[in-house]
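A short worksheet on the structure shown next.
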Amino acid sequence: MALLQISEPGQSAAPHQHKLAIGIDLGTTNSLVATVKSSMATVLQDEHGHALLPSVVRYMPDNSVVVGHEAQAQQSHDPANTIASVKRFMGRSLKDIANSAHIPYRFVDSADSGKLLQLQTRAGLKTPVEISAEILKTLKARAEKSLGVESGRGELLGAVITVPAYFDDAQRQATKDAARLAGLNVLRLLNEPTAAAVAYGLDNAAEGTFVIYDLGGGTFDVSILKLTKGVFEVLATNGDSALGGDDFDHRIYCWILDKIREGDSHFAPLGEQDTRLLLTKARQAKEWLTDNHEAQIVCRLSNGSLIDVTLSAQQFVALTQQLVIKTLTPTRKAMRDANLTLEDIKGVVLVGGATRMPQVKQAIEDYFKQTPLTNLDPDKVVALGAAIQANALVGNRSDSDLLLLDITPLSLGLETMGGLVEKIIPRNSTLPVARAQDFTTYKDGQTAMSIQVVQGERELVADCRSLAQFELRGIPAMAAGAARIRVTFQVDADGLLSVSAREQTTGIEAHVVVKPSYGLTEDEITHMLKSSFGSAEADKKARMLAEARVNAGAIISAVTIALRHDGNLITAEEKQAIEAEIEALQAISETDNAVVINQGVDKLNHATEAFAAARMNASVSRALSGKNLDSINL
Ligand code: ADP
Ligand code: MG
C-alpha cells in the first residue's frame, strides 16, 4: 500500500492543549509503545526500565494474565498456556499455518467465527485477537501511567498500530479488532516499513527509493519504498517468514550441543527445559557478541552437569554465515520485482533487533555498496514512526509537519451488464474516500439488482477479484433506464470498504461491509497490476465486444416489446422485416466480432425507423387528444 502526504494549514496546539496519542509496534517477538513528547518521539519504558515487551502472554492458574518478560520466563514450564509469536496466527485459519505440529499450542478451527482459528488454554478458547489484545492492554496501561492519564493530565485519544506491509485485509482487521478489545481507539494502521521511513524523516526530507531491511526475531521482511511528490509507494515486498534472530540462537545452541558431545559421546538428548535454557543462553551470547569479541556460556543442566564454553565473535560469524546470505535472496528478488538496480537506491534503513549484528550490517553494506542508516535503534524505529504519525493525526502539528495518508492499492468497482467492470474508486485514491455513481435498470419492470463488488485494474469482472455481492430489492417496476440507483463506495482510513445502493425515488437501500477474510498480498497486487498493463489491448477488445453485446441485447428487447404493444401501427410486411433483422442480430451477437455486432445494431435501428416514427406520432396524438393548441407549449 502506498501513502500520500498532504500538508494542511497549521493547527499547532498550544502546549496545554497537547493531545495524547501513541504509536504501537505490535511485533512477533517484541512489542513497544512510543509517543511524541516536547516534539521528540520517545519509546515509553515500564517500571523496570524495559522498553521492549516480549510478545508473550501466559494464562495463569489463578485466572490472571501475565504479559512480557515474566511470561517469557515461564514458556518452557507451561508451553500450552504461554503463547508466543501470536502475530503469526492473526487473521489465519488452521490450514494457513505450516508445521502447526511443531507448535506446542492446542489449535481449534472455530466453527462460529468463520474460518479463523482459536487456541485452547486453561482460560478457555482464545482467539489470536484476544491474545494480542492482552499485549496491547499492557502497552496501553504503560502509556497511560507514563503520560499521566491516570492522574488527569489528559486523555489518550488514540493509537497508530503498525502491521507488516504484506498483511492482508483479514490480518489488518484482526489487528484492529485486538486494539478495540484492548480499549484503544485506532487512529490508523500503518505499514511497518513506512513507519521506519517516517521515523528517519524520509517523508519530509527526500525523494527517492529506499530499502527497508527488517530482520526481527522470527521473520525477515524487505520492502522497497518509493517516495515521489510526497507519495510513499511500496514497490515490492519480499522476505522469509521463517528466518530471524532465533535462527542465529539456534546455530549457537547446536554448536554448544556439538561441544558437549565432543566430551561425552553418550550424551542423552535434552529435555524441553534444558533446551529452553540453552536457547536463552545462546540468545544472550549472540547479543553480547554484537559489542564484544567473545562470549562465555555457563550453565548447569537438570542432570547436574556443568556447561562452560567460550564462543568467539569470529566463530559466531562463521556459524551464521549461511543465514546472513539467506537474507540476500529475498532482497535480490524484491530489487528484481521492482525493476531496480543498486544505483537506484538512495538509502537503506535497518529495522529489527537482529540487524544489530555486525555481520548482518556488513553484508547489507557490501550488497548495496552504501552504509545503511543506523542512527536510530533498529528495534525502536517502527514504534517511533508510529508515534510521529499518531501525533500528527490527533492534530499536534506545526506548520511544516505533514500528514501521511494511505491510498488504495487497486481500483474498486462493480460489475455492469456484460461482465464489465465500472471503476468507482480508482487506484491510488487517498483514504478515506467516498464516491457515488448512478446506475439504472436494464430491463423493463426490473425490480431487483445484483451488485457485485470487484477489485482490480482489468476491464472484465472475470479478470478481477470479486470482493462481495449483494442485492437491492423492491425497486418499483419502471421502464428500462428509468430507475435511478445511486451506488456509494466508501473506504475508511484503514482500507476497509463498505458499499451501499439506494433507489432514489423510493429511498429503499441495501448495504454491505466488505470484509474479505483473505485479502490480497502485495505480490498478488503487483501481479494484478502487471497483468493489467500487459493486457490493456486485449481488455479493450473484450470491453468493446461486451459493450456491443449489451447494446444489441438492449435494442432487441426494446424492439420486441414495442412490436408486442404497437405492432398494429405498421403493415405485416414491415413487421416481418423488423423481425428478420432481430433474428439476424441475435445470431451475430453470438460471434466475437464487436464491429459486426455494431453493424447489426445499426441495421436494426435503420429497419425500425419508420416504426419508431409511427409510434412517436401515435403517442403524440394520444397526448394531444382532447386538448386545444393553445394549451400546448411547443
Ligand atoms: P520482532 O520484529 O520479531 O518483534 P525485534 O525487532 O524485537 O523482533 O527483534 C528481536 C530479535 O533481535 C531477537 O532475535 C533478539 O535476540 C535480536 N536482538 C536484539 N538485540 C540484539 C543485539 N544487541 N544483537 C543481536 N541481536 C539482537
Ligand atoms: Mg518488528
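The values are calculated or read from the model by the stated rules, or taken from the named source; none is laboratory data. A quick note: this is a predicted structure, and the numbers were derived from the prediction, not measured. Note: ideal-geometry Cβ built from the backbone for every residue, glycine included; neighbour counts use all protein chains shown.
The table that follows gives values for the structure above.
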{"quantity": "Residue under evaluation Gln75, criteria (1) at pLDDT 95 or above; (2) within 15 Å of ligand 1 (Cβ to nearest atom); (3) closer than 21 Å to Thr121 by Cα, criterion not met", "calculated": "(1)"}
{"quantity": "Thr219 away from ligand 2 (no atom under 16 Å from the Cβ) and either over 24 Å from Ser39 (Cβ atoms) or assigned by TED's automatic domain parsing to the domain that holds Arg88 (or both)", "calculated": "no"}
{"quantity": "Candidates Asn303, Asn339, filtered to the one that is exposed (fewer than 14 other Cβ atoms within 10 Å of the Cβ) and at positive phi", "calculated": "Asn339"}
{"quantity": "Filter result for the condition that a residue is in contact with a strand residue (DSSP E or B) (Cβ under 6 Å, 6 or more places away or on another chain), at pLDDT below 90 and either within 16 Å of ligand 2 (Cβ to nearest atom) or in the same structural domain as Ile212 (by TED's automatic domain parsing) (or both), over Thr237, Thr331", "calculated": "Thr237"}
{"quantity": "Criterion: more than 16 Å from ligand 2 (Cβ to nearest atom) and in contact with a His (Cβ under 6 Å, 6 or more places away or on another chain) - qualifying residue of Ala268, Ala313, Ala318", "calculated": "Ala313"}
{"quantity": "Residues of segment 440-450 that turn out to be free of Cβ contacts under 8 Å to residues at least 60 places away in the same chain and surrounded by fewer than 21 Cβ atoms within 10 Å (Cβ to Cβ), as a count", "calculated": "7"}
{"quantity": "Subset of segment 227-246 (residues that are out of contact with any helix residue (DSSP H, G or I) (no Cβ under 7 Å at 6 or more places or on another chain) and in contact (Cβ under 8 Å) with a residue 24 or more places away in the chain)", "calculated": "Gly230, Val231, Glu233, Leu235, Ser241, Ala242, Asp246"}
{"quantity": "Residues of segment 19-60 that turn out to be away from ligand 2 (no atom under 15 Å from the Cβ), in contact with a strand residue (DSSP E or B) (Cβ under 9 Å, 6 or more places away or on another chain) and over 21 Å from Gly245 (Cβ atoms), as a count", "calculated": "13"}
{"quantity": "Yes/no for Val198 being touching a residue at least 60 places away in the same chain (Cβ under 8 Å), crowded, with 21+ Cβ neighbours inside 10 Å and part of a strand (DSSP E or B)", "calculated": "no"}
{"quantity": "Number of positions in segment 477-506 that are assigned to a loop (DSSP other than H, G, I, E, B) and within 30 Å of Asp169 (Cα to Cα)", "calculated": "5"}
{"quantity": "Top-ranked residue of segment 350-381 - restricted to ones that are β-branched (Val, Ile, Thr) and under 13 Å from Asn30 (Cβ atoms), ranked as nearest to ligand 2 (Cβ to nearest atom)", "calculated": "Val351"}
{"quantity": "Complete set of residues in segment 78-88 that are away from ligand 1 (no atom under 14 Å from the Cβ) and in contact with a helix residue (DSSP H, G or I) (Cβ under 8 Å, 6 or more places away or on another chain)", "calculated": "Pro79, Thr82, Ile83"}
{"quantity": "Residue check, Lys540 closer than 30 Å to Glu471 by Cα, out of contact with any helix residue (DSSP H, G or I) (no Cβ under 7 Å at 6 or more places or on another chain) and at pLDDT below 80", "calculated": "yes"}
{"quantity": "Scan of segment 588-611 for residues that are small (Gly, Ala, Ser) and either over 21 Å from Val550 (Cα atoms) or modelled with pLDDT of 90 or more (or both), ordered by number", "calculated": "Ala610"}
{"quantity": "Counted residues, segment 247-278 - those being touching a residue at least 60 places away in the same chain (Cβ under 8 Å) and either surrounded by fewer than 21 Cβ atoms within 10 Å (Cβ to Cβ) or hydroxyl-bearing (Ser, Thr, Tyr) (or both)", "calculated": "8"}
{"quantity": "Subset tally (residues that are under 13 Å from the mean Cα position of the chain (by Cα) and not in a helix (DSSP H, G or I)) for segment 172-195", "calculated": "4"}
{"quantity": "Matching residues, segment 61-72, being more than 16 Å from ligand 1 (Cβ to nearest atom) and without any contact (Cβ under 8 Å) to a residue 40 or more places away in the chain", "calculated": "Asp62, Ser64, Val66, Glu70"}
{"quantity": "Unique match (being crowded, with 19+ Cβ neighbours inside 10 Å and within 12 Å of ligand 1 (Cβ to nearest atom)) among Phe220, Phe210", "calculated": "Phe220"}
{"quantity": "Conditions (1) surrounded by 12 or more Cβ atoms within 10 Å (Cβ to Cβ); (2) near ligand 1 (Cβ under 10 Å from one of its atoms); (3) free of Cβ contacts under 8 Å to residues at least 60 places away in the same chain: number failed by Lys286", "calculated": "(3)"}
{"quantity": "Among (1) in contact with a Pro (Cβ under 7 Å, 6 or more places away or on another chain); (2) closer than 30 Å to Glu343 by Cβ - the single one Phe210 does not satisfy", "calculated": "(1)"}
{"quantity": "Top-ranked residue in segment 352-378 [being of a type outside the set (S, T, N, Q), away from ligand 1 (no atom under 14 Å from the Cβ) and not in a helix (DSSP H, G or I); ranked as surrounded by the most Cβ atoms within 10 Å (Cβ to Cβ)]", "calculated": "Leu373"}
{"quantity": "Residue in segment 188-202 that is of a type in the set (Gly, Ala, Ser), more than 18 Å from Arg88 (Cα to Cα) and touching a Lys or Arg at 6+ places or on another chain (Cβ under 7 Å) present", "calculated": "no"}
{"quantity": "Any hit, segment 286-293, residues being assigned to a loop (DSSP other than H, G, I, E, B) and out of contact with any helix residue (DSSP H, G or I) (no Cβ under 8 Å at 6 or more places or on another chain)", "calculated": "yes"}
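Yes/no matrix, rows are residues, columns are (1) within 16 Å of ligand 2 (Cβ to nearest atom); (2) modelled with pLDDT of 85 or more; (3) out of contact with any Phe, Trp or Tyr (no Cβ under 8 Å at 6 or more places or on another chain); (4) within 18 Å of Ser55 (Cα to Cα):
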{"site": "Pro128", "(1), (2), (3), (4)": "no, yes, no, yes"}
{"site": "Ile135", "(1), (2), (3), (4)": "yes, yes, yes, yes"}
{"site": "Leu139", "(1), (2), (3), (4)": "yes, yes, yes, yes"}
{"site": "Arg153", "(1), (2), (3), (4)": "no, no, yes, no"}
{"site": "Leu157", "(1), (2), (3), (4)": "no, yes, yes, no"}
{"site": "Pro164", "(1), (2), (3), (4)": "yes, yes, yes, yes"}
{"site": "Ala182", "(1), (2), (3), (4)": "no, yes, yes, yes"}
